[in-house]
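**Student:** Have a look at the structure that comes next, please.
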Amino acid sequence: MKRVGYLYPKIYDIDNIRCALYNASKDKRRHKYVKTIMANEDYYVYQIHKMLKEKTFVPSEPTVKIIQDNSSGKVREIHKPRFFPDQIIHWALMQQLQPVIMRGMYAYSCGSVPGRGSSYGQR
């Protein structure tokens, strides 16, 4: 496996963070907290850029939610990270790491890989 360098500056790049904000807000744009951030997008993108560049980001405590699984009836504890800044930073990180990870991945790995569902696995 080869080493890949200079990924961190790509992660805190303004365009990458803006794209991460749009990806993180997908299917959530009707929520009030997302609307607030999207209304003042440039400010929040700059705040995340500043946090990552100065290395001052500290993950916040996740919100814990108890749900009952419909199919099995199990009670599950879900830990949901905050939208700002945690989910946006996660997207910014994965947008840069995913191509590197996918390049070295086994061709027949199908679980949780975008574009490789059960049909891909059967073929």
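Since every read-out is calculated from the coordinates, none of them should be taken as a lab result. Just so you know, these numbers come straight off a predicted model, no measurement behind them. Quick reminder, even Gly has a Cβ in these numbers, built from the backbone with ideal geometry, and neighbours come from all protein chains shown.
**Student:** If I ask for residues that are over 15 Å from the mean Cα position of the chain (by Cα) and closer than 20 Å to residue 78 by Cα, which ones from region 35-63 would you list?
**Tutor:** The answer is 61, 63.
**Student:** Residue 82 - would you say it is out of contact with any helix residue (DSSP H, G or I) (no Cβ under 6 Å at 6 or more places or on another chain) and without any contact (Cβ under 8 Å) to a residue 12 or more places away in the chain?
**Tutor:** So residue 82 fails the test.
**Student:** Report, ordered by the first and then the second residue, all pairs with beta carbons closer than 7 Å, sequence separation of six or more or different chains, a first member in region 20-49 that is in contact (Cβ under 8 Å) with a residue 40 or more places away in the chain, and a second member that is outside any helix (DSSP H, G or I).
**Tutor:** 34/28
**Student:** Of these, 76, 103, 30, which one is within 28 Å of residue 7 (Cα to Cα) and basic (Lys, Arg)?
**Tutor:** Numbers: 76 fails: within 28 Å of residue 7 (Cα to Cα); 30 fails: within 28 Å of residue 7 (Cα to Cα).
One residue alone meets the criteria, 103.
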